[in-house]
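J.: This is the structure, below, for whatever I ask next.
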Amino acid sequence: MMSNPKISIVIPVFNGIATIENCIKGIQKQTVYNQCEIIVIDSGSTDGTLNVLKSLNIDVISIASETFNHGATRNLGVTYAKGEFVVMTVQDAVAADELWLENMLKHFDVSEIAAVCGKQAVPHQKDKNPHEWARPQSVPVPRTVSVASETNFNELSPEEQRKLCAWDDVNAMYRKSALQNLPFQPLAYGEDMLWAKMALIEGYSLVYEPNAIVYHYHYQFPKYTYKRSLINQLFIYKCFGLVLQPSSSLRDYALIVYRNLKWNVHPKWILHNFHIKYYNNKASNTFNSYLKNNEIEKLEKELSLDVPLGKQNIKIKK
């Protein structure tokens, strides 16, 4: 492991044998790889992942599976990081090209920038949902965001707040000093979006860099789609006060059919995307029922989701 790296890349891992090798090799192809160290935190893999990492000469920090937490485990990674900058990614994300890290790193020439968030994309592969394939319609342009004060942030609409905080630890680079001053909250979901909210309120500037791309995809089984959508709706409401209202018109379903025919892809994807839309809407209906009955805390307990910081009055420990 490099003794004096500039960039530390933190990867939480659990039973990632199917993807971890491609993830690591994508990092090793980066133009700035000679300035990087890789920190893998494994939470009890039993599928041969550790053997793959050993063959790639990657050191591993092992933790008990029951102690894994999206926020706290990433904070642990920061304590091991030697670099000035820390990258957060995941075991099934693969760099789209050799400029992934370089495209984020260049923004830190501006001292006010605390972190840069890249973009997730779905590659054009037959086993991936073609309705989610990356199809850029224009040349992507980086976007820098900041707010003048907590008051200014809270005066924004819930939709505007969420847009500013569309952060993603599948693909993000941070100044280590910013993460030390403002660690992730110990959450099971949404630690990245909440961090962005707290960072903006604290006066940090953030960059969204759509040219820093990783390929990342999860096949959406009905149960997965429903639960993840329900968790996301609860988190977005608790964090930003926003009630998501996914569309479920006949036109939406007709567009699925039209696009499937236009792209000339397998008909199975029509039913698959019907299911995604159906279960997203089912989750929305479930959430709205709990909200109407003033049972949001009950839903939190049922989902084992703790969102300690709501829309207002965020206090940050330093």
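The values are calculated or read from the model by the stated rules, or taken from the named source; none is laboratory data. The structure presented is a predicted model; accordingly, all values stated were derived computationally and were not measured. No Cβ is skipped: glycine too gets one built from the backbone with ideal geometry, and neighbour counts run over all protein chains shown. With ligands, DNA and RNA removed, areas are computed over all heavy atoms of the protein, side chains included. Shrake-Rupley method; radii C 1.70, N 1.55, O 1.52, S 1.80 Å.
J.: Computed FRET efficiency, Cβ-Cβ of TRP263 and VAL243, R0 45 Å: what is it to the nearest 0.05?
T.: On the way: r = 32 Å, r/R0 = 0.72.
For TRP263 and VAL243, the calculated efficiency is 0.90.
J.: So how strong a dipole does segment 220-278 carry about its Cα centre when Lys and Arg Cβ are +1 and Asp and Glu Cβ are -1, to the nearest 20 debye?
T.: On the way: 9 positive and 1 negative charges, 24 e Å.
About 120 debye.
J.: Please report the relative contact order for the chain, taking Cα pairs under 8 Å with a sequence separation of at least 6, and give it as a percent rounded to a whole number.
T.: Details: 534 pairs, mean separation 62.3, N = 318.
RCO, the chain: 20 percent.
J.: Would you work out what percent of the accessible area of segment 70-229, with all protein chains in place, is carbon or sulfur (probe 1.4 Å)?
T.: Working: 3690 of 7110 Å².
Exposed carbon and sulfur together represent 52 percent of the surface.
J.: Quick one: which of 114-126, 79-91 comes out on top by average Cβ neighbours within 10 Å, and what's the full order, highest first? Can you show the working numbers first?
T.: Numbers: 114-126: 19.2, 79-91: 21.3.
Most protected by this proxy first, the peptides run 79-91, 114-126.
J.: Where the only charges are on Cβ atoms (+1 Lys, Arg; -1 Asp, Glu), what is the dipole of the chain about its Cα centre, to the nearest 20 debye? Each step should come with its number before you reach the end.
T.: Numbers: 34 positive and 31 negative charges, 164 e Å.
Charge dipole of the chain: 780 debye, to the nearest 20.
J.: Another question, if that's okay. Count the DSSP beta bridges whose two residues both fall in the chain, then state the antiparallel fraction as a percent rounded to the nearest 5. Please report the intermediate quantities before stating the final value.
T.: Numbers: 13 of 35 bridges.
Of those bridges, close to 35 percent are antiparallel.
J.: Right, here's the next one. Sort 134-142, 275-283 for me by packing, meaning the mean count of neighbouring Cβ atoms within 10 Å per residue, highest on top. Please report the intermediate quantities before stating the final value.
T.: On the way: 134-142: 9.8, 275-283: 18.4.
Result, highest mean Cβ count within 10 Å first: 275-283, 134-142.
J.: Give the average over all directions of the projected area of the C-alpha convex hull of segment 141-248, one decimal, in nm².
T.: Numbers: hull surface 32.6 nm².
Taking the Cα atoms of segment 141-248, their convex hull projects to 8.1 nm² on average.
J.: List the residues whose amide H sits under 5 Å from the amide H of CYS165, counting only those 5 or more places along or on another chain, with H placed 1.01 Å from N in the peptide plane.
T.: For CYS165, whose amide H was placed from the backbone, there are no distant partners under 5 Å.
J.: Can you give the % of DSSP beta bridges in segment 97-250 that are antiparallel, to the nearest 5? Can you show the working numbers first?
T.: Numbers: 6 of 14 bridges.
Antiparallel bridges: around 45 percent, rounded to the nearest 5.
J.: Another question, then. Would you calculate the separation in nanometres between label points at VAL170 and ALA134, each defined as 7 Å from the Cα along the Cα-to-beta-carbon direction?
T.: Modelled inter-label distance: 1.1 nm.
J.: Working out 0.36 nm times the residue gap between LEU291 and THR31, then minus their Cα-Cα distance, what length gain in nm do you get to one decimal?
T.: Values: separation 260, 0.36 × 260 = 93.60 nm, distance 4.89 nm.
Gain on extension, LEU291 to THR31, equals 88.7 nm.
J.: Same structure again: Any chance you could check the Cα centroid distance between segment 122-146 and segment 147-224 for me, in angstrom?
T.: One Cα centre to the other: 19 Å.
J.: Grab the DSSP H runs of the chain that are 4 residues or longer, score each as -39,500 (n - 2.57), total them, divide by all residues and round the 222 nm result to the nearest 500 deg cm²/dmol. Kindly include the intermediate steps, with their values, before the conclusion.
T.: Numbers: 12 runs with 129 residues, N = 318.
Computed ellipticity for the chain at 222 nm equals -12000 deg cm²/dmol.
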